[in-house]
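Since the structure comes first, as structure tokens, the remarks are kept for the end.
The values are calculated or read from the model by the stated rules, or taken from the named source; none is laboratory data. Worth saying up front: this structure is predicted, and the values here are computed from it rather than measured. We place every Cβ from the backbone using ideal geometry, glycine too, and count neighbours over all the protein chains shown.
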Amino acid sequence: MEKNHALAGDYMRRFRISLRLARRNKALCLGAGAGLTLLYYIVLLSAPMIKFQQWPNYVTTYDWLENVGRIIASTPSWSDRLVIINDEWLFEIGYMNYDFGIGISQWSLFVAPIKVLEIMIFGALLGVLFLIVRSIGEASCSKRNLWAAKATGGVGAGLVALTSISLSWVVCCATPSWVVGLAMMGLGVSTSLWLEPIGWWLHMAGLGLLLSALYVAAGYLPDIDKT
Amino acid sequence: MTITKLFTAIFMAAALTNTASAETIRIAIGHQSMCTDTYTAGIVVKELGLLEKHLPRSGKYTDADYEISWSDYSSGGPITNQMMANKLNFGVMGDYPLIVNGAKFQETKSLRTKYIAGTGYNLKGSGNAIVVPVDSDIYTIDQLAGKQVSVPVGSAAWGMLLKAMQDEGIPAKDYALKNQSPAVGAANIASSRIDAHADFCPWSELMEFRGTGRKIYDGRETGIPYLHGVVVREDFLDQYPEVAIAFIKAVHEAGQWIKADPVKAVAMMENWTGVEKEVLYIYFSEGGHLTLDPTIKPKWVEALKADHGVLTKEMNMPPLDFEEWVTEDYLKKAYSDLGIDYDAEKNTIVDPGVANAQLPVEIWHSRNGIISYASIDDFLRAIKEFRETGAKLNATYVYDEATGLKLFGKTAFFVKSSDGFKAFLRKPDADTYAMKNKGMVMQLEQAIEGYSS
């Protein structure tokens, strides 16, 4: 019982330290959230443009609020609602091939507000990790711990970035999916599609790794109030 | 504002909006104008206003205002996503996407779709095909060993390709499978950047008509029916069953409209879709690839189950309870209202090999329209005469002696023997016939010359 209390106390202490650090560096954390999100979507849009050597030639916007309202009103289960809303788009930009019929979308980038929010939060968390790692450096902690925190956070960030890809590529998926990223990187399409269902687990694993890196790194920090 | 509060506010706004527009029934349909076999539940119904014609106007619908919207997609996948978000109530798609639709909905806790009607079929699988560049020296599927073959993965054509390769005993490691969209595949065939491309209707014929590709394998050889159909969200179906029945009546009428005058129909469809009328004619004319019939036959359900097996193996597809998903109730009611015998139509299956055996071959004269000929000899003579007058011919159509499949004359192989001319889709079939009958294999241009010599 005492051990549990001690653990909970330690957890709260680390959380408190991280929060205080973030509050003192609000601008950096918000900047990291917004900046990394912008950078992420620029990279996503650039990937098919570079791969296919095509500029986007169409843009479509969606009435996200109305669509979310409709999903909520017509989907009885909350868990189903959240999954569907998560994939609801605000904006689509891509390349349409007009050689045949009325045109076929070759590739496109979809921007879903919930995913954007997720990436922003994730970016802000990376900012906090950066602050903690910088503070650990200042506190002369061992280089190995510093490296471990960076590596764990980096792997976590990589997994979340990979599984948040919202590209569609008509030769792979007609709907946006994270596996389009794998296929574009050269993995066989059949294998990519086969891996699609584990996307959620990889995403959660990435988040878990980043939070673990934050937790472990925060443990090396002296209490900011006392410094 | 917390997320919960935000959602509550949105929910209340949505509920208020719903109450305020209780008299308006929104009907949103997702269709595919680049997939011929969906037209009788898509573009034709839309453009002719057939749904509006059949919508109920009495009883609880007396004061109803209908708000109908049509959304065009290049494949079935996005239609399923839009149905999931309730932006579409109805979806029209091919066999593989239909299965994905049913399975994805059944994977949720609270949402379902029902497969309520077909649009049409080809008993043996014609509509899917493997095409090679027109100048390629590949004539048979076994020549694809060691070659690069592309296909839109997840489509009906992909299922056909896997089955065809298995049937030929060509293991996956012996050919390089590339995933390419119809448009990319067609472009690559045109520029000979790929050895072969497998695709669904009407892409193979589109490549043939444009003179860039040549079929070496028709889906018919797999023997698995190729079909398309209509799925509806179950909540919509429960709330407005009469609207679903009206939709089926519209599908049936669309089929009748095409059958009544296929030439006029394909000309109008060309304007609506951008797909050349001569290509559409190969699907919608008498003897064409597509049998327009919305009924759900036991054989179709068996074919869909087999397709689901392929998807489970290759794409980790969730399970699909076919008993729950497939329903004939709305079809039966629609047929009953129309005074048509549902069971009689359900029990009728058209086999092109039998049905097309005695059909005349055809020339599409640009001014005079379709002209029929009882024999290929007459057909060849007519082409020669037309050419001498400088007349423009849009297309020519013959039937494959081996399968009964309708072909463009310019892509067929002809055999001249003592029995006159016969036409074939595949060169090996033509070679075999020629050997048995002491004939000579030739293509259209040589056949026209051969006729006159």
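Out of all the residues in segment B:60-82, which are under 22 Å from A:Gln106 (Cα atoms) and either out of contact with any strand residue (DSSP E or B) (no Cβ under 8 Å at 6 or more places or on another chain) or in contact (Cβ under 8 Å) with a residue 12 or more places away in the chain (or both)?
Listed by number, the residues that qualify are B:Trp70, B:Ser71, B:Asp72, B:Tyr73, B:Ser74, B:Ser75, B:Gly76, B:Gly77, B:Pro78, B:Ile79, B:Thr80, B:Gln82.
Is it the case, given these coordinates, that A:Leu36 is in a helix (DSSP H, G or I), closer than 27 Å to A:Ile104 by Cα and touching a residue at least 24 places away in the same chain (Cβ under 8 Å)?
Taking the combined requirement at face value, the residue does not satisfy it.
Please note which strands (runs of 3 or more DSSP E) are completely contained in segment B:60-170 and include at least 3 residues that are more than 10 Å from every other protein chain (Cβ to nearest Cβ).
So the answer is B:65-72, B:90-94, B:113-122, B:129-133.
Any idea which of (1) closer than 30 Å to A:Ile136 by Cα; (2) in contact (Cβ under 8 Å) with a residue 12 or more places away in the chain; (3) surrounded by fewer than 19 Cβ atoms within 10 Å (Cβ to Cβ); (4) of a type in the set (A, V, I, L, M) is the one A:Leu45 doesn't satisfy?
(1)
When you check B:Glu278 against the structure, is it of a type in the set (Asp, Glu), farther than 30 Å from B:Pro241 by Cβ, surrounded by 15 or more Cβ atoms within 10 Å (Cβ to Cβ) and modelled with pLDDT of 95 or more, yes or no?
Considered against the rule, which asks whether it is of a type in the set (Asp, Glu), farther than 30 Å from B:Pro241 by Cβ, surrounded by 15 or more Cβ atoms within 10 Å (Cβ to Cβ) and modelled with pLDDT of 95 or more, B:Glu278 comes out as yes.
Do you know which residues across segment B:53-81 are loosely packed, with under 14 Cβ neighbours inside 10 Å and over 24 Å from the mean Cα position of the chain (by Cα)?
Within segment B:53-81, B:Lys53, B:Arg57, B:Ser58, B:Gly59, B:Lys60, B:Thr62, B:Asp63, B:Asp65, B:Glu67 meet the criteria.
Looking at B:Asp337, B:Asp351, B:Asp378, can you tell me which residue is over 30 Å from B:Asn128 (Cβ atoms) and either in contact with a Phe, Trp or Tyr (Cβ under 8 Å, 6 or more places away or on another chain) or in contact (Cβ under 8 Å) with a residue 60 or more places away in the chain (or both)?
Of B:Asp337, B:Asp351, B:Asp378, the one residue that is over 30 Å from B:Asn128 (Cβ atoms) and either in contact with a Phe, Trp or Tyr (Cβ under 8 Å, 6 or more places away or on another chain) or in contact (Cβ under 8 Å) with a residue 60 or more places away in the chain (or both) is B:Asp337.
Looking at (1) under 13 Å from B:Ile27 (Cβ atoms); (2) charged (D, E, K, R); (3) not in a helix (DSSP H, G or I), which is the only condition B:Glu242 fails?
Answer for B:Glu242: the failing condition is (3).
Counting only residues that are facing another protein chain (nearest Cβ under 10 Å) and within 20 Å of B:Asp238 (Cα to Cα), how many does segment B:314-329 have?
Qualifying residue count, segment B:314-329: 0.
If A:Asp80 passes every condition in (1) of a type in the set (D, E, K, R); (2) surrounded by fewer than 20 Cβ atoms within 10 Å (Cβ to Cβ); (3) modelled with pLDDT of 85 or more; (4) over 25 Å from the mean Cα position of the chain (by Cα) but one, which one does it miss?
Status for A:Asp80: all satisfied but (4).
For segment B:418-435, indicate whether the set of residues that are part of a strand (DSSP E or B) and exposed (fewer than 15 other Cβ atoms within 10 Å of the Cβ) is non-empty.
Yes, segment B:418-435 contains at least one residue that is part of a strand (DSSP E or B) and exposed (fewer than 15 other Cβ atoms within 10 Å of the Cβ).
Which one is nearest to the other protein chains (Cβ to nearest Cβ), of the residues in segment A:80-90 that are out of contact with any Phe, Trp or Tyr (no Cβ under 7 Å at 6 or more places or on another chain) and within 12 Å of A:Pro176 (Cβ to Cβ)?
The qualifying residue nearest to the other protein chains (Cβ to nearest Cβ) is A:Asp87.
Mind listing just one residue for me: the one in segment A:40-79 that is in contact with a strand residue (DSSP E or B) (Cβ under 9 Å, 6 or more places away or on another chain) and among the polar types (S, T, N, Q) and, of those, nearest to the other protein chains (Cβ to nearest Cβ)?
Result: A:Ser74.
Have a look at A:Gly181, A:Gly186 and point out the one that is surrounded by fewer than 15 Cβ atoms within 10 Å (Cβ to Cβ), at pLDDT below 80 and closer than 30 Å to A:Gly94 by Cβ.
A:Gly186
Among (1) within 13 Å of chain A (Cβ to nearest Cβ); (2) surrounded by fewer than 21 Cβ atoms within 10 Å (Cβ to Cβ); (3) modelled with pLDDT of 90 or more, there is one condition B:Thr38 misses while meeting the rest; what is its number?
(2)
Quick check, is B:Asn101 at pLDDT 90 or above, surrounded by 23 or more Cβ atoms within 10 Å (Cβ to Cβ) and either under 20 Å from B:Ile245 (Cβ atoms) or of a type in the set (Phe, Trp, Tyr) (or both)?
In short, no.
Taking the condition of being closer than 19 Å to B:Asp137 by Cα, small (Gly, Ala, Ser) and away from chain A (no Cβ under 14 Å), how many residues in segment B:196-243 meet it?
2
Do you know which of the residues in segment A:13-29 that are in contact with a helix residue (DSSP H, G or I) (Cβ under 7 Å, 6 or more places away or on another chain) and part of a helix (DSSP H, G or I) is farthest from A:Leu131 (Cα to Cα)?
Checked segment A:13-29; the qualifying residue farthest from A:Leu131 (Cα to Cα) is A:Arg14.
Considering (1) touching a residue at least 24 places away in the same chain (Cβ under 8 Å); (2) on the phi < 0 side of the Ramachandran plot, say which one B:Gly211 fails and leave the rest.
Here B:Gly211 clears every test but (2).
Tell me, please, whether a residue that is over 29 Å from B:Tyr342 (Cβ atoms) and surrounded by fewer than 24 Cβ atoms within 10 Å (Cβ to Cβ) can be found in segment B:119-133.
Checked against the condition, which is being over 29 Å from B:Tyr342 (Cβ atoms) and surrounded by fewer than 24 Cβ atoms within 10 Å (Cβ to Cβ), segment B:119-133 yields at least one hit.
How many of the residues in segment B:175-184 are assigned to a loop (DSSP other than H, G, I, E, B) and within 11 Å of chain A (Cβ to nearest Cβ)?
Qualifying residue count, segment B:175-184: 2.
What are the residues in segment B:138-166 that are over 25 Å from A:Trp169 (Cα atoms) and either more than 23 Å from the chain's Cα centre (by Cα) or without any contact (Cβ under 8 Å) to a residue 24 or more places away in the chain (or both), if any?
B:Ile138, B:Tyr139, B:Thr140, B:Asp142, B:Gln143, B:Leu144, B:Ala145, B:Gly146, B:Gln166 - these are the residues of segment B:138-166 that are over 25 Å from A:Trp169 (Cα atoms) and either more than 23 Å from the chain's Cα centre (by Cα) or without any contact (Cβ under 8 Å) to a residue 24 or more places away in the chain (or both).
Suppose we filter segment B:185-195 for residues that are within 11 Å of chain A (Cβ to nearest Cβ), of a type in the set (A, V, I, L, M) and touching a residue at least 12 places away in the same chain (Cβ under 8 Å); how many remain?
2
Considering only residues of segment A:91-113 that are aliphatic (A, V, I, L, M) and at the interface with chain B (Cβ under 7 Å from one of its Cβ atoms), which is surrounded by the fewest Cβ atoms within 10 Å (Cβ to Cβ)?
A:Ile102
Only one of B:Ala254, B:Ala267 is under 29 Å from B:Arg26 (Cβ atoms), modelled with pLDDT of 95 or more, assigned to a helix (DSSP H, G or I) and away from chain A (no Cβ under 14 Å). Can you tell me which?
Selected residue: B:Ala254, the only one of B:Ala254, B:Ala267 that is under 29 Å from B:Arg26 (Cβ atoms), modelled with pLDDT of 95 or more, assigned to a helix (DSSP H, G or I) and away from chain A (no Cβ under 14 Å).
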